[in-house]
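Right, one structure below, let's go through it.
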Amino acid sequence: MFDIVVHGKVLQGDSLVETFICIEDGMISDLRRTSPTNGEYDRMIGKERYLLLPGVIDLHTHMRDPGLTEKEDLQTGTTSAAYGGVTAIVDMPNTIPPTTDFTSFLQKKEIAMRRSIVDFGFNIVLMDGTSIEQLQPIVTDPSFAGFKVFMGESTGSLVLEDPSKLEMMSNTLGRIGKPISIHAEDGRFLTKMKKGRKGILRSHLDSRPEEAEVSAVQDAVSFMKGRSHLLHLLHMSSLRGIEAAIRTPASIEVTPHHLFLDVNYCEKHLDDPSMAKVNPPIRTTVDRARLWEAVRDGDVDTIGSDHAPHTIDEKEGELPPSGMPGVETMLPLLLSKVKDRALGLHKLTDLVSGGPAKRMGLRSRGHLLPGKVADVLLIDMKVEKKIRGEDLHSKCGWTAFEGMSGIFPEGVVARGMVLVEDGNICVKPGNGSPIANVGPI
Ligand code: DOR
Ligand code: ZN
């Protein structure tokens, strides 16, 4: 007896095939070409017109909980995720307190168990004083996702000042075998930005040149020696940065904001360009074109949102912080590219579902196949909308993608439970589970 059956079209080879995804105990148990009979299931949702895709796994969010909950919290942030088709997140450690040790990790996990709408994992930050042996009790926890290293100052300032420490830690990191996500901007190349809000994106860009990215990529890889395949190079943003990254064994992430925005566009179209102030910075049309080329060439492993909301008051102030929301708009923006035939559907699902699952070693996630976790999105490719900050669900209430086109999922199923239907969230906070907990729960 199936708990739920999801009806729609699934990509098989190069064609879309009418399929009934049959789900039992939160897992996909069968994919059928014809409908199961009434007596075989409790509930059926969907229609033939829906494109069915695996849930998105976003390996890069800053949900601000605990300590910065005026910007976002794990309930609002994961609600926003669910509406954007993201069924699992990996959250970054620059909260208050920062996620540095067992105590701060457990605190965050406990909050997520109460508040999260979607599944979750957490990264622990590695800094100069980190005693990696003391992290041992965490590494078997199903919500432990991996490590984060800031090679230069960014929001929250948790910098690894001496990157050669990576070399000292590399044996233990190799034994643990979890991804090490790198914020690749070398602090030695970063300068103070010009004061004032005029031309803010250009002065921000001048203060964080592409050399910073290239140097950080090279340093991280050389200090990790034979273990550099564990590195996940986050938000590659520049032409030379991504070319340096491609030459390494590390995996590569790009973000929607570096793919969809450049300084010229932001200066022309955004009411307040500071919305697009982010680290690493939004760059030029040439950088952006090179990132798309890398996506199409298969050089990019994952797309992550780097969802990093700040309040509108902070963004409109004299010293706007870096970061922007993006977890809800990531898939919709990319689906619009698929509709325009600028991105293949296989490529898209590799980048936002299969790729992240592989990077995290989550063998049961990221694909619509029997035996996998039943995270299924129902998408009507004909329904394209203008993205509006006021329609989104992040606490911050704004978006730098205002006015762009997006295709939002109409239904979201996670672990076989309906998360989003008819524009409503159908589960209670605390519905999410640790990302590596799979199987019936
Ligand atoms: O722009 C950014 N914002 N880059 C980061 O590295 C951190 C993030 C944040 O937490 O606000
Ligand atoms: Zn980030």
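Using C-alpha pairs under 8 Å with a sequence gap of at least 6, the mean separation divided by the residue count of the chain gives a relative contact order of 21 percent.
Under 18 Å Cα-Cα from LYS339, which lysines qualify once same-chain neighbours fewer than 8 residues away are excluded? Hits, sequence-local ones excluded: LYS9, LYS347, LYS382, LYS385, LYS386. Using a probe of 1.4 angstrom and keeping all protein chains present, the accessible surface of the range 55-360 works out to 35 square angstrom per residue. In straight-distance terms, cross-link reach from LYS192 covers every one of the lysines whose alpha-carbon lies under 21 Å from its own, apart from those fewer than eight places away in the same chain; here that gives LYS277, LYS315. Taken along its principal axes, the alpha carbon cloud of the range 116-163 reaches lengths of 33, 26, 12 Å, longest axis first.
Taking 1.002 mPa s as the viscosity and 20 °C as the temperature, the Stokes-Einstein diffusion coefficient of the range 55-360 based on its alpha-carbon Kirkwood radius rounds to 112 µm²/s.
Here the scattering of the range 250-348 is modelled by Debye summation over its C-alpha atoms, one equal scatterer each and no solvent; at q = 0.14, 0.15, 0.18 Å⁻¹ the log10 of I(q)/I(0) is -0.55, -0.63, -0.88.
The values are calculated or read from the model by the stated rules, or taken from the named source; none is laboratory data. As the structure is a prediction and not an experimental result, all values here were calculated from the model. These accessible areas exclude ligands, DNA and RNA; they are computed on the full protein's heavy atoms, side chains included. Shrake-Rupley method; radii C 1.70, N 1.55, O 1.52, S 1.80 Å.
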